[in-house]
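**Student:** Structure in structure tokens, see below.
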Amino acid sequence: MLFDEQCRLVDRCNADHKQYYPQAGWVEHDPEEIYRNMVECIRQLAPKAGDDCSLAITNQRETVVVWDKDTGHPVYNAIVWQDNRGAELCMRLRKQGMVKMVQEKSGLLIDPNFSATGVKWILDNVPGARRKAENGSLLMGTIETWLIWKLTKGESFRTDTTNASRTMLFNIHTMEWDDDLLQLFDIPRQMLAEVLPNDAVFGETTVEGLFPKPILIAGVLGDSHGALVGQMCFAKGQGKVTYGTGSSVMVNIGEQPLDAPDGLVTSVGFSALGKHFYGYEGNIYSTGATLKWMADQLKLVGHPREMEAEAVTVDSTDGVFFVPAFAGLGAPWWQPNAKAALVGMTFATNRAHVLRAALESIAYQVRDLIGVMAKATGGSLKEICADGGPTNNKFLMQFQADQLDTPVVCTEVDDASAFGALIMNGFARNLWHSFDEVTGFRKVTQVVAPHHSSHMDECYKQWKDAVVQVIGK
């Protein structure tokens, strides 16, 4: 996404990359393909950018890459945050009584969603990987670390505090990699990158020669944290929902890393202007991914954006509920072994009912989290800031507002994650010097007011019944 100095979107380029599912519950990406796609998109935008520009990065967080620093090639595909191959290890660690130690240090629950289990699996299962890692030949990092390393030809091996806080290897109190956590997952410290705040300069690049002189890589943070910044949630108690492949609900809890209530985790919200802000967060594994699955795998529609028109042809799902546990269920259920299911179908069920149930499942999962979060922060939230492609779905946004009985606020840039990276880029380059200076950049496009109805509570009760059927509790 190309922005001007007034934070206005000039142009954008999108590129799909392939999803790999080598076994049930496994999800992988090709990190080389991700890098090539990024370079190609920048190539298309570069003529409009000119030479006087800089690069900010926001990324899908826990997805992790292990690569050979001598050859520059990954030793295995990137293991995606949705991947479930670490479930057995996590269960074993929980039984060994490691939950308290991991949560006290990292703020996280022991779950395959986070990067540590993916790295351990690669080291334990790729021939020669463990030996190379111990010899200092292998590096690991979430996607932004891989991209920065590639963009700088190996000169910069760095990550940021938000991505580091999602690995299950980072101590959110000391703001350093933690020896006890590294030992627990048997990961050599020399594999890990230098950790910088989000508003730092991470290196310089010509982007494979696209620019005649190096440009700065400045402003880097994970996607959910980028959205927290992009929605200007700088004050304690402000929160947002990011609708992406999965969805993240995060609320700013201030400058102290408080213990998260059941079902939530504590992460670094963002680090900027010399301060660290923390957040409570809950992650939903399948939201936008559910819609893409409906289109790509079941072929019920040609593209996810076609779902709304079909879904509104029926007044309700007629008792059908879709529990999208393709990679288990995340917060607040934390059931990694759950499987996706359609519940309540009859011979009268048709395609529109199924598509509507898929859309409604997104709103129900968000309500699951908002309920826990509102209780933890002392009451209901006054409004929910929403971002991501699905915010363009008017049916979904209205159903979301109705389910929460809370206004949903959508902003001009539907990708608030990128907007947050832009804000951090500006801090890094001293374009502005306080949070107050940038709050006016957020432009609200619509406020979706809820339609008060007790019917929504009954639907939500049926949703929870459907979840219980799936997880067996």
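The values are calculated or read from the model by the stated rules, or taken from the named source; none is laboratory data. Quick caveat, the model's predicted, so the values are computed rather than measured. Ideal geometry is used to build each Cβ from the backbone, glycine not excepted, and the neighbour counts take in all protein chains shown. Surface accessibility is based on the protein's heavy atoms, side chains included, excluding ligands, DNA and RNA. Shrake-Rupley method; radii C 1.70, N 1.55, O 1.52, S 1.80 Å.
**Student:** Just for the chain, what percent of DSSP beta bridges are antiparallel, to the closest 5?
**Tutor:** So the antiparallel bridges amount to about 75 percent of the total.
**Student:** Next up: Classify the stretch 100-247 as rounded, prolate or oblate from the Cα gyration tensor: take a ≥ b ≥ c as the square roots of its eigenvalues, call it rounded if a/c is under 1.5, otherwise prolate when a/b beats b/c and oblate if not.
**Tutor:** Because a/c hits 1.5 or more and a/b fails to exceed b/c, the stretch 100-247 counts as oblate.
**Student:** So the label point goes 7 Å from the Cα of Glu33 along Cα→C-beta, right? Which residues of the stretch 106-122 then have their backbone N under 17 Å from it?
**Tutor:** Once the point is set 7 Å along Cα→Cβ of Glu33, nothing inside the stretch 106-122 turns out to lie under 17 Å by backbone N.
**Student:** For the chain, which cysteines have no second Cys with its Cβ under 4.7 Å from theirs?
**Tutor:** Among the cysteines of the chain, those whose Cβ sits 4.7 Å or more from every other are Cys7, Cys53, Cys90, Cys233, Cys385, Cys410, Cys459.
**Student:** Another one. Let's test the formula: R0 of 22 Å, r as the Cβ-Cβ distance of Asp16 and Phe395. What FRET efficiency results, to the nearest 0.05?
**Tutor:** Result of the calculation: an efficiency of 0.35.
**Student:** Now for a separate question. Treating cross-link reach as a plain straight distance, find the aspartates and glutamates whose alpha-carbon is under 19 Å from the alpha-carbon of Lys95, omitting any fewer than eight places away in the same chain.
**Tutor:** Correct list for Lys95: Glu104, Asp111, Asp180, Asp186, Asp262.
**Student:** In terms of the Cα gyration tensor, with a ≥ b ≥ c the square roots of its eigenvalues, is the stretch 92-160 rounded because a/c is under 1.5, prolate because a/b exceeds b/c, or oblate?
**Tutor:** oblate
**Student:** What's the extension gain from Asp465 to Ala46 if we count 0.36 nm per residue and subtract their Cα-Cα distance?
**Tutor:** Full extension from Asp465 to Ala46 adds 145.7 nm.
**Student:** A further question on this structure: Starting from the Cα-Cα distance between Met101 and Val312, subtract it from 0.36 nm times their residue separation and give me the gain in nm to one decimal.
**Tutor:** Going from the current span to full extension adds 71.2 nm.
**Student:** With each run of n ≥ 4 DSSP H residues scored as -39500 (n - 2.57), what mean residue ellipticity at 222 nm is computed for the chain after dividing by its residue count and rounding to the nearest 500 deg cm²/dmol?
**Tutor:** Estimated from H runs of four or more residues: -10500 deg cm²/dmol.
**Student:** Using Cα pairs closer than 8 Å and at least 6 residues apart in sequence, work out the relative contact order for the stretch 1-133, in percent.
**Tutor:** 20
**Student:** Tell me whether the stretch 189-244 comes out rounded, prolate or oblate; compute the Cα gyration tensor, take square roots of the eigenvalues as a ≥ b ≥ c, and use a/c under 1.5 as the rounded threshold.
**Tutor:** Judged from the Cα gyration tensor, the stretch 189-244 comes out prolate (a/c at least 1.5, a/b above b/c).
**Student:** While we're here: Pull up all non-local amide H partners of Ala341: gap of 5 or more, or a different chain, and H-to-H distance under 5 Å with H placed in the peptide plane.
**Tutor:** Val323, Ala325
**Student:** Counting other Cβ atoms within 10 Å of each Cβ, which trypsin sites (Lys or Arg not before Pro) in the stretch 223-313 have at most 13 and sit in a DSSP loop?
**Tutor:** Lys299
**Student:** Using a 1.4 angstrom probe on the protein heavy atoms only, could you order Thr290, Thr58 from most to least accessible area?
**Tutor:** Thr58, Thr290
**Student:** Relative contact order (percent) for the chain, with alpha-carbon contacts under 8 angstrom and 6 or more residues of separation?
**Tutor:** It comes to 14 percent, rounded to a whole number.
**Student:** Let me ask something additional. Please list, by residue number, every one of the chymotrypsin sites (Phe, Trp or Tyr not before Pro) in the stretch 300-409 that is coil in DSSP and has at most 14 other beta-carbon atoms within 10 Å.
**Tutor:** Phe347
**Student:** Which ³J(HN,Hα) values, rounded to whole Hz and listed in residue order, are derived for the stretch 203-212 from phi using the Karplus coefficients 6.51, -1.76 and 1.60 in 6.51 cos²θ - 1.76 cosθ + 1.60 with θ = phi - 60°, glycine and proline given as x?
**Tutor:** With the stated coefficients, the stretch 203-212 comes to x, 10, 8, 9, 6, 6, x, 5, 10, x Hz.
**Student:** Using alpha carbon centroids, what distance separates the stretch 1-76 and the stretch 440-473, in Å?
**Tutor:** Between the Cα centre of the stretch 1-76 and that of the stretch 440-473, the gap is 33 Å.
**Student:** Any chance you could look up the accessible area of Cys385 with a 1.4 Å probe, heavy atoms only, rounded to 10 Å²?
**Tutor:** Number for this one is 10 Å².
**Student:** Over the chain, average the accessible area per residue using a 1.4 Å probe and give it in Å², no decimals.
**Tutor:** Accessible surface, normalised per residue, equals 41 Å².
**Student:** List the pairs from Lys299/Lys339; Lys100/Lys236; Lys100/Lys375; Lys18/Lys464 whose alpha-carbon separation is above 24 Å, in the order I gave them.
**Tutor:** Check vs 24 Å cut-off fails for Lys100/Lys236; Lys18/Lys464.
**Student:** Tell me the carbon and sulfur percent of the accessible area for the stretch 198-299, rounded to whole percent, probe radius 1.4 Å.
**Tutor:** Percent of accessible area from carbon and sulfur atoms in the stretch 198-299: 49.
**Student:** Still on this model: Could you bin all the Cα-Cα distances of the chain into 20 Å bins starting at 0 and give me the percent of pairs in each, rounded to whole numbers?
**Tutor:** Bin by bin from 0 Å, the calculated values are 25, 59, 16, 0.
**Student:** Using the Karplus curve 6.51 cos²θ - 1.76 cosθ + 1.60 with θ = phi - 60°, what ³J(HN,Hα) values do you get for each residue of the stretch 348-364, in whole Hz, with x for Gly and Pro?
**Tutor:** Along the stretch 348-364, the couplings run 7, 5, 10, 4, 4, 4, 5, 5, 5, 4, 5, 5, 5, 4, 5, 5, 5 Hz.
**Student:** A further question follows. Could you pull the Cα extents of the stretch 320-369 along its three principal axes, largest to smallest, in whole Å?
**Tutor:** Computed over the Cα atoms, the extents are 33, 21, 13 Å.
**Student:** Note the full-extension length gain between Ala24 and Lys275 as 0.36 nm times their separation in residues minus their Cα-Cα distance, in nm to one decimal.
**Tutor:** Length gained, Ala24 through Lys275: 86.2 nm.
**Student:** Measuring from label point to label point, each 7 Å out along Cα→Cβ, what is the Asp70 to Leu9 span in nm?
**Tutor:** About 4.6 nm, to one decimal.
**Student:** Could you give P(r) for the stretch 282-335, binned at 10 Å from zero, as whole percent values over all Cα-Cα pairs?
**Tutor:** Binned Cα distances yield the sequence 22, 44, 31, 3.
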